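Here's the structure we're looking at; comments come further down.
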Amino acid sequence: MPKFRDVRSLKTLSLKSVGSLVVHMTPTIISKFRHSKDPEKIMGSLQRSIDRLNETLVAYVPYYLHETMAVEVLEAVKVLIEKKRKTCYYNYSMSHFLTEMNVLVSLTEVVLNHRLRNIDFSRWPKIMRYVLYKNLGKMSGLEVLNLGSCTGGWRTSEFDKYILDGIRIMRNLRSICLCFDCSDLVIQTVSENCPFIQSIDVTSSGCVTDRSIPCLLNCKQLKELQLHRTSVSVSGLAKLISGLPRLQNIGKCDEFRHIIVYIYQSEINCGPFELRNIQTRDLSTESLRLLVEMFPKVEYISLFHDMQVADLSVLVSLVRLRELKLLSCAFYGDSLKQLLEIAGRNFTHIHLEHVEEMDFNVLGVIGNYCPKLKSLVFYNCDLRSALVANNRILEPLQAHPFYNLERIFWVVDSSTSYLEFILSHAVNIRYIHLGSSSGITHSSMVNILRINPMKHLEELRVLYSSDMNMRTVELLLASCTSLKVLSELESWQGISIEELNSFRHQIKSSNFDLDISPTLSFSSC
């Protein structure tokens with residue numbers, strides 16, 4: 001059976017209560033100017049109330065808990081705003097409603113001060129984000145700032161002013177994310193005022209151009225720089241890779257093959273460079289050789305093959321390579337088999353998406369030559385029908401294949417024998433996500449659990465099964481004693497609505513630590 005939920009700590013309850021306290025003070029704040037007609041008087045009274053609340057939280061909440069407390073308060077304010085939105089009826093005074101809503105939104109300010117170290121604007125609804133942008137100047141202590149997509153490309157001088165004025169006082173800033181709306185002026189402001197900046201993400205910001213290159217080159221601490229879909233040229237990217245001594249990640253870069261050639265043919269520094277993360281497409285065999293020569297410390301490669309056919313075995317020289325993500329290639333034709341046989345012992349993560357020539361022998365190759373593998377993704381791969389018996393495989397198996405596997409993400413059309421083979425051997429599996437066409441059934445689960453009880457399994461998400469039912473659920477709960485998430489039961493055709501509701505009631509009444517809420521997440525890992 002599942003484990004029982006732990007009793008929440010006094011600290012957790014106290015921090016949640018801070019959010020409740022802020023919410024419960026709302027009627028008191030509103031009552032102070034409910035009958036006032038003077039807008040300036042109303043705004044002045046509101047601001048004084050917000051400031052007093054802010055000062056109270058600073059005085060009574062320990063410094064090291066301010067970050068967690070801020071999240072709890074913002075969550076409580078978000079819930080309150082959503083609740084108030086639903087109370088706006090046709091017979092409700094619009095002016096009264098807008099006044100109350102203005103107060104609720106203003107409550108966002110009560111946690112904004114120099115104590116904040118980390119804030120993610122994208123986490124909060126748009127109605128709260130405006131307040132966050134307007135008060136950036138109060139958050140001088142920020143180290144991590146995620147501004148999200150700001151206006152989504154509809155830049156205004158008002159937002160630019162808030163962002164620039166805020167960044168100018170953030171001397172401790174180490175990470176900033178501003179997608180779509182970043183500009184050369186923002187980059188310049190960061191380089192001039194944030195000496196410790198290590199990560200910049202300005203994805204899809206067309207207003208970031210080669211004019212930013214000198215400013216970025218002054219950020220000598222930079223380790224991560226995301227410039228995908230900006231207006232920075234190949235030569236500009238090459239200068240950044242060559243001129244930033246600590247740069248390890250440039251995010252997705254479809255022009256990487258041109259950058260390699262530019263660096264190789266120009267007179268600038270040809271490496272070796274510190275880059276650890278490469279995400280690109282269409283690298284020829286010669287480009288791969290240059291990559292290996294220039295970037296010997298690469299640990300992660302994501303490669304999308306569209307037009308090129310390349311010899312992936314060239315990558316065996318990357319002795320630090322641990323994570324491999326391949327999209328649209330051929331297992332045998334692109335020499336992936338040879339790569340795994342030679343260098344697979346180092347791999348901890350393998351992601352294969354739209355990979356062709358996949359047969360039952362592939363499992364033997366991965367199981368034998370990747371003993372450290374912890375995460376395996378098969379996404380829309382061309383898995384050929386298993387023409388051999390479930391327990392017979394062309395590649396002779398060594399002892400304990402998939403022993404260290406902890407995560408599997410399986411979204412393919414295939415015979416269940418592939419899946420049963422992996423799960424029967426993955427004794428340390430912790431996370432399983434199966435797509436809607438995996439073909440998993442009750443009998444498949446019985447076969448797997450008979451061999452491998454999956455004692456360490458914590459999350460199981462099966463998007464569809466034609467016959468898995470409450471007997472399957474009972475079998476899983478009896479065998480997988482660490483299970484905490486059992487998701488998408490609504491799509492198991494053997495479970496009725498009545499049975500599902502009864503199961504929910506049982507979980508709640510028994511205080512089981514088991515989450516069965518649906519997520520329907522189809523994104524790949």
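The values are calculated or read from the model by the stated rules, or taken from the named source; none is laboratory data. The structure displayed is predicted, hence computed values, not measured ones. Counting neighbours? That spans all protein chains shown, and the Cβs are built from the backbone with ideal geometry, glycine included. Just the protein is used for accessible areas: all its heavy atoms, side chains included, with ligands, DNA and RNA removed. Shrake-Rupley method; radii C 1.70, N 1.55, O 1.52, S 1.80 Å.
Here are a few things to note about the model shown:
- Heavy-atom surface analysis with a 1.4 Å probe gives segment 412-492 a carbon and sulfur content of 50 percent of its accessible area.
- Value of [θ]222 nm, deg cm²/dmol, for the chain, DSSP H segments ≥ 4, -39500 (n - 2.57) each, nearest 500: -12000 deg cm²/dmol
- The modelled label-to-label distance for the pair SER436/MET25, using points 7 Å beyond Cα in the direction of Cβ, is 4.8 nm.
- Reported to the nearest whole Å, the Cα centre-to-centre distance from segment 202-250 to segment 405-443 is 41.
- Theoretical gain in end-to-end length, SER231 to ASN361 [0.36 nm per residue, Cα-Cα removed]: 42.3 nm
- Relative contact order of the chain, pairs being alpha-carbon contacts under 8 Å that are 6 or more residues apart, as %: 7
- Residues ALA399 and ASP120, FRET efficiency given R0 of 41 Å [Cβ-Cβ distance, rounded to 0.05]: 0.35
- Over 41 Å [Cα-Cα, the chain], rounded percent: 39
- Relative contact order computed over segment 361-497 (Cα-Cα under 8 Å; 6+ residues apart), in percent: 20
- Alpha-carbon Debye profile of segment 99-152, log10 I(q)/I(0) at 0.14, 0.19, 0.23 Å⁻¹: -0.35, -0.63, -0.89
- When only alpha carbons are used to place a centre, segment 97-112 and segment 461-484 end up 45 Å from one another.
- Partners for LYS161 among lysines (Cα-Cα distance below 16 Å; same-chain residues under 8 apart left out): LYS134, LYS138
- Qualifying trypsin sites (Lys or Arg not before Pro) in segment 401-461, DSSP loop, other Cβ atoms within 10 Å at most 15: LYS455
- Net charge, MET25 excluded, C-beta distance under 14 Å - Lys, Arg +1, Asp, Glu -1: -1
- Radius of gyration, Dmax [segment 383-509; alpha carbons; angstrom]: 14.9, 50
- Note on ILE268 and ARG5: the model spin-label points, each 7 Å out from Cα along the C-beta direction, lie 5.5 nm apart.
- If the chain linking SER14 and THR519 were pulled fully straight, counting 0.36 nm for each residue of separation and taking away their Cα-Cα distance, it would gain 178.9 nm.
- Amide H to amide H, with H built 1.01 Å from N, LEU225 comes under 5 Å of ILE200, ASN249, ILE250, GLY251, counting only residues 5 or more places away or on other chains.
- When each of LYS223/LYS325; LYS83/LYS126; LYS220/LYS297; LYS239/LYS297; LYS223/LYS484; LYS32/LYS83 is checked by Cα-Cα distance, pairs over 27 Å: LYS223/LYS484
- Placing a pseudo-label 7 Å from each Cα along the Cα-to-Cβ vector at LYS297 and VAL485 gives an inter-label distance of 3.3 nm.
- Nonlocal amide H pairs with GLN279, under 5 Å, H built at 1.01 Å: CYS253, SER302
- FRET efficiency, 1/(1 + (r/R0)^6) with R0 30 Å, evaluated for ASN218 and GLN338 via beta carbons: 0.10
- Segments 234-240, 135-141 sorted - mean Cβ within 10 Å per residue, highest first: 234-240, 135-141
- The length gained on full extension between HIS96 and ALA59, counted as 0.36 nm times the residue separation minus their Cα-Cα distance, comes to 10.0 nm.
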